[in-house]
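Take a look at the structure set out below.
The values are calculated or read from the model by the stated rules, or taken from the named source; none is laboratory data. The structure presented is a predicted model; accordingly, all values stated were derived computationally and were not measured. A quick note on method: Cβ atoms are made from the backbone with ideal geometry, for glycine too, and the neighbour counts reach across all protein chains shown.
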Amino acid sequence: MLVSRCANYIYALLLMVPLAVFAAEPSQVDGLKQSVYKTIELLKDPTFNTVEKRVERRDQLRRLIYDQFDFTTMSQGAVGPKWHSFTATQQQRFIELFRQLLESSYLGKIENYQGETVEFAREIMENQNIIRVESIVHHKNQDYHLSYRLLNGSSGWRVFDIAIEGVSLINNYRAQFQQILGSSTVDGLLEKLAQKAATIDNIGNKP
């Protein structure tokens, strides 16, 4: 259940840089920008460049990052129509496991930040509750086009999907999850998610 290798690297940037683009609601922008700036400063801080400080830095990254994402909407989109056949308990379990999978896949890459820069382009109101933000990530001699979709929900504007060169993160996972659900139960999917997240995390934590 992994996205392409190229997407893996670029998606690692999604947690760090997209939220400095808002112009629609200044009252929301300032808080989001501060979250981004603090994340970048934390990554640059040499105090946390030791193995002993890794856990502390990850805890701080989680606090800075996860408030900016709507994991419930992301989970619904990743499962698709079959989401409504999940029990409430299964839905909550999926949301937590999906968050863990994303964290296991990308948090380590965020910690490998190497000074990438982002150029933001258009902000497009798809409707009154969804904004799409276009941007370009500059990494060495390569540019990547990223598109962020944000939903205005009960907690304000939150990211619920990212596309790289037109390829949606949520659609990518949905194809994989639907394939699993076609030959397995919901509990079978949850078990596979837990195994995948644990496997990736163990690999990422090897010295």
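Filtered by the rule that a residue be touching a residue at least 40 places away in the same chain (Cβ under 8 Å) and either on the phi > 0 side of the Ramachandran plot or surrounded by fewer than 20 Cβ atoms within 10 Å (Cβ to Cβ) (or both), region 140-150 gives a lone residue, 144. Being modelled with pLDDT of 85 or more and either within 23 Å of residue 64 (Cβ to Cβ) or in contact with a His (Cβ under 9 Å, 6 or more places away or on another chain) (or both) is the filter here, so list the residues in region 137-154 that pass it. Within region 137-154, 144, 149, 150, 151, 152, 153, 154 meet the criteria. Residue count for region 42-62, restricted to those that are modelled with pLDDT of 80 or more, exposed (fewer than 14 other Cβ atoms within 10 Å of the Cβ) and within 22 Å of residue 116 (Cβ to Cβ): 4.
Residues are listed down the side, and each one gets a yes or a no for (1) surrounded by 14 or more Cβ atoms within 10 Å (Cβ to Cβ); (2) closer than 17 Å to residue 153 by Cβ; (3) of a type in the set (A, V, I, L, M, F, W, C); (4) over 13 Å from the mean Cα position of the chain (by Cα):
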residue	(1), (2), (3), (4)
75	yes, yes, no, no
79	yes, no, yes, yes
88	no, no, yes, yes
105	yes, no, no, no
119	no, no, no, yes
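Filtered by the rule that a residue be outside any strand (DSSP E or B) and charged (D, E, K, R), region 146-182 gives 165, 174. On the basis of being under 27 Å from residue 64 (Cβ atoms), among the aliphatic types (A, V, I, L, M) and out of contact with any helix residue (DSSP H, G or I) (no Cβ under 6 Å at 6 or more places or on another chain), does residue 194 make the cut? No; evaluated as a whole, the condition is false for this residue. The residue that is surrounded by the most Cβ atoms within 10 Å (Cβ to Cβ), among those in region 181-197 that are more than 16 Å from residue 91 (Cβ to Cβ) and in contact with a Leu (Cβ under 8 Å, 6 or more places away or on another chain), is 197. It is to be established whether one or more residues within region 96-116 are without any contact (Cβ under 8 Å) to a residue 40 or more places away in the chain and among the β-branched types (Val, Ile, Thr). No; the residues of region 96-116 include none that is without any contact (Cβ under 8 Å) to a residue 40 or more places away in the chain and among the β-branched types (Val, Ile, Thr).
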